[in-house]
1. Hey, can you tell me all the residues within segment 69-92 that are at pLDDT below 95, within 18 Å of ASN39 (Cβ to Cβ) and either of a type in the set (Phe, Trp, Tyr) or in a helix (DSSP H, G or I) (or both)?
2. Give the number of residues within segment 14-36 that are free of Cβ contacts under 8 Å to residues at least 24 places away in the same chain and of a type in the set (Lys, Arg).
3. Kindly check whether there is at least one residue in segment 38-59 that is in a helix (DSSP H, G or I), of a type in the set (A, V, I, L, M) and surrounded by 12 or more Cβ atoms within 10 Å (Cβ to Cβ).
4. Of all residues being surrounded by 12 or more Cβ atoms within 10 Å (Cβ to Cβ) and of a type in the set (Val, Ile, Thr) in segment 11-37, which is nearest to VAL76 (Cα to Cα)? Just the residue, please.
Amino acid sequence: MSRWRVDWRGEDVRHRVLAASKRGIDDTMAAAVNEGKQNHPGWRNITGTAEGSMAVQQPAREDGRGVMGRWGSMGVLYMIFLEILHGSALRHAADVTYPSLARRIKEHLR
């Protein structure tokens, strides 16, 4: 009989990592929304409708394959035209904020 005992806490670690991932994703999506509202190269705010349509649509959740959330523009049809024809607010926001996702998750693991 071994005198060493391993106290396996795999489930605890899994729960901590999932919780940190959700919080990191939520923080990153919120940062992307703020970036998109403030910086939209190629088009100028006139009514505030396009900017106002940007929001976190679905907070981060576990989906069986990992953790995911959804953000973007809802309810403003012409936002797609702004994105494609006049300069991307959503794509630009993702490019700026997504690289910080790993750092944000790491911060929540501490």
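The values are calculated or read from the model by the stated rules, or taken from the named source; none is laboratory data. Nothing here was measured: the structure is a model prediction, and the numbers come from that model. Every residue, glycine as well, gets a Cβ built from its backbone with ideal geometry; the counts of neighbours run over all protein chains shown.
1. If the condition is that a residue be at pLDDT below 95, within 18 Å of ASN39 (Cβ to Cβ) and either of a type in the set (Phe, Trp, Tyr) or in a helix (DSSP H, G or I) (or both), then MET79, LEU82, GLU83, ILE84, LEU85, HIS86, ALA89, LEU90, ARG91, HIS92 are the ones that fit.
2. Selection size over segment 14-36: 1.
3. yes
4. VAL33
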